[in-house]
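Trainee: Here's a structure for you.
The values are calculated or read from the model by the stated rules, or taken from the named source; none is laboratory data. Quick caveat: nothing in here was measured; it's all calculated off a predicted structure. Virtual Cβ from ideal backbone geometry, glycine too; neighbours counted across all protein chains shown.
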Amino acid sequence: MIDLHLHTTASDGLSTPAGLVQRAREVGILTLSVTDHDTMDAVPAVAAAAAAHGLTFVPGIEITSVHDGHDVHMLGYLLDAHAPDLVKLLSDVRSKRVERAFEIGRRLSAAGAPLDVDAMLGGPEAESTRSIARPMLARALVAVGHVASVAEAFDRFLSEGGPAYVPHRGPTPFEAISVILNAGGIASLAHPATLARDDLVPALCEAGLVAIEAYHSAHDSETQAHYVSLARAHGLEITGGSDFHGDGTRRAEFFGVVGLPALDFDRLMKRANRVTRPRI
Ligand code: AMP
Ligand code: MN
Ligand code: MN
Ligand code: MN
């Protein structure tokens with residue numbers, strides 16, 4: 001099994017880097033990437049744990065970009081975590097995430113579900129390389145008893161249109177692709193069915209997109225087939241993964257079940273060798 005979409009505690013996942021690799025091994029994953037939101041903090045630890053278990057590891061990220069007021073999640077693979085443009089973009093995005101968490105906190109108070117966001121972020125830790133995302137606020141709402149589940153926290157407060165929803169401010173998807181390319185990586189459009197903007201694909205291709213994520217836990221077989229043929233029609237490669245955020249989280253049952261076929265992985269790696277700059 002090949003899974004190129006996984007999260008750790010560096011963003012909104014529940015597994016530590018070493019714990020994720022251990023769990024991946026248990027469910028039969030032999031090749032994995034870690035794709036935390038707006039941080040590559042877990043990459044060295046996941047790489048080390050993967051090497052210790054004899055697994056193949058692909059460094060990755062999931063960048064939160066914004067287009068027409070909607071989030072566009074852009075996956076990046078094989079990129080250099082230390083590329084200056086990337087480091088700057090990610091640290092900007094993460095500080096905006098901290099400001100947004102406080103704004104969400106104010107809106108939650110106004111909606112009658114107060115949270116101590118300051119305590120939750122752990123003071124100076126808020127400025128760290130950890131990426132603060134809504135599932136953390138959702139879990140905190142469960143912990144203090146305002147809601148019974150993460151799903152209820154999203155449904156009642158945090159989802160787009162909800163009383164505590166605060167949009168992201170971030171790069172455009174075109175900027176995200178360009179930063180990934182400049183860091184020597186390749187970009188893939190994450191869970192395109194969730195985005196539901198197939199009309200954007202030609203412009204994203206122009207900007208240097210090389211793949212779309214046809215295989216994902218949120219895609220049924222018809223959706224998957226649609227994105228495989230959309231990829232082919234645009235000369236794009238295919239990526240795939242479970243988007244696992246930890247045991248007991250949404251769609252965790254697809255971990256070890258949804259992944260990328262080996263042939264598509266080989267094509268992706270060949271394509272990466274063509275488009276990425278030589279590494280020193
Ligand atoms: P953020 O990056 O702060 O906007 O948070 C987005 C993350 O929230 C996604 O990557 C998912 O992990 C999670 N998420 C989004 N919608 C839901 C939902 N309805 N239930 C559970 N988790 C969700
Ligand atoms: Mn997430
Ligand atoms: Mn995503
Ligand atoms: Mn994800």
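Trainee: Tell me, which helices (runs of 4 or more DSSP H) wholly within the range 139-201 include 3 or more residues that are buried (at least 16 other Cβ atoms within 10 Å of the Cβ)?
Mentor: Ranges flagged: 173-182, 192-195.
Trainee: State yes or no: is residue 197 of a type outside the set (Ser, Thr, Tyr) and either over 19 Å from residue 13 (Cα atoms) or modelled with pLDDT under 95 (or both)?
Mentor: Yes, satisfied.
Trainee: Please verify whether the range 41-59 includes one or more residues that are in a strand (DSSP E or B), within 14 Å of ligand 3 (Cβ to nearest atom) and free of Cβ contacts under 8 Å to residues at least 60 places away in the same chain.
Mentor: No, the conditions are met nowhere in the range 41-59.
Trainee: Taking residue 26 and the conditions (1) more than 14 Å from the chain's Cα centre (by Cα); (2) buried (at least 18 other Cβ atoms within 10 Å of the Cβ), which numbered condition does it fall short on, given that it satisfies the others?
Mentor: Going through the list (1) more than 14 Å from the chain's Cα centre (by Cα); (2) buried (at least 18 other Cβ atoms within 10 Å of the Cβ), residue 26 breaks only (2).
Trainee: Assess whether residue 235 counts as being on the phi > 0 side of the Ramachandran plot, modelled with pLDDT of 95 or more and either more than 16 Å from ligand 4 (Cβ to nearest atom) or among the aromatic types (Phe, Trp, Tyr) (or both).
Mentor: yes
Trainee: How many of the residues making up the range 4-34 are outside any loop (DSSP other than H, G, I, E, B) and within 15 Å of ligand 2 (Cβ to nearest atom)?
Mentor: Selection size over the range 4-34: 4.
Trainee: Moving on to the next point. Before we move on, is residue 87 within 16 Å of ligand 3 (Cβ to nearest atom) and of a type in the set (Val, Ile, Thr)?
Mentor: Judged against the criteria, residue 87 is not a match.
Trainee: If residue 65 passes every condition in (1) away from ligand 4 (no atom under 16 Å from the Cβ); (2) of a type in the set (Ser, Thr, Tyr); (3) in contact with a Phe, Trp or Tyr (Cβ under 9 Å, 6 or more places away or on another chain) but one, which one does it miss?
Mentor: The number of the failed condition is (1).
Trainee: Which residue, of 118, 92, is on the phi < 0 side of the Ramachandran plot, part of a helix (DSSP H, G or I), loosely packed, with under 15 Cβ neighbours inside 10 Å and touching a Pro at 6+ places or on another chain (Cβ under 9 Å)?
Mentor: Unique residue meeting the criteria: 92.
Trainee: Mind checking which residues of the range 231-256 are under 18 Å from residue 22 (Cβ atoms), outside any helix (DSSP H, G or I) and among the hydrophobic types (A, V, I, L, M, F, W, C)?
Mentor: 244, 255
Trainee: If residue 75 satisfies every condition in (1) within 16 Å of ligand 3 (Cβ to nearest atom); (2) surrounded by fewer than 24 Cβ atoms within 10 Å (Cβ to Cβ) but one, which is the exception?
Mentor: Every condition holds for residue 75 apart from (2).
Trainee: So residue 133 clears everything in (1) more than 16 Å from ligand 4 (Cβ to nearest atom); (2) surrounded by fewer than 23 Cβ atoms within 10 Å (Cβ to Cβ); (3) at pLDDT 95 or above except one condition, right? Which one?
Mentor: (1)
Trainee: Taking the range 187-242 only, how many residues are within 16 Å of ligand 3 (Cβ to nearest atom) and under 26 Å from residue 253 (Cα atoms)?
Mentor: Summing the residues that are within 16 Å of ligand 3 (Cβ to nearest atom) and under 26 Å from residue 253 (Cα atoms) in the range 187-242 gives 24.
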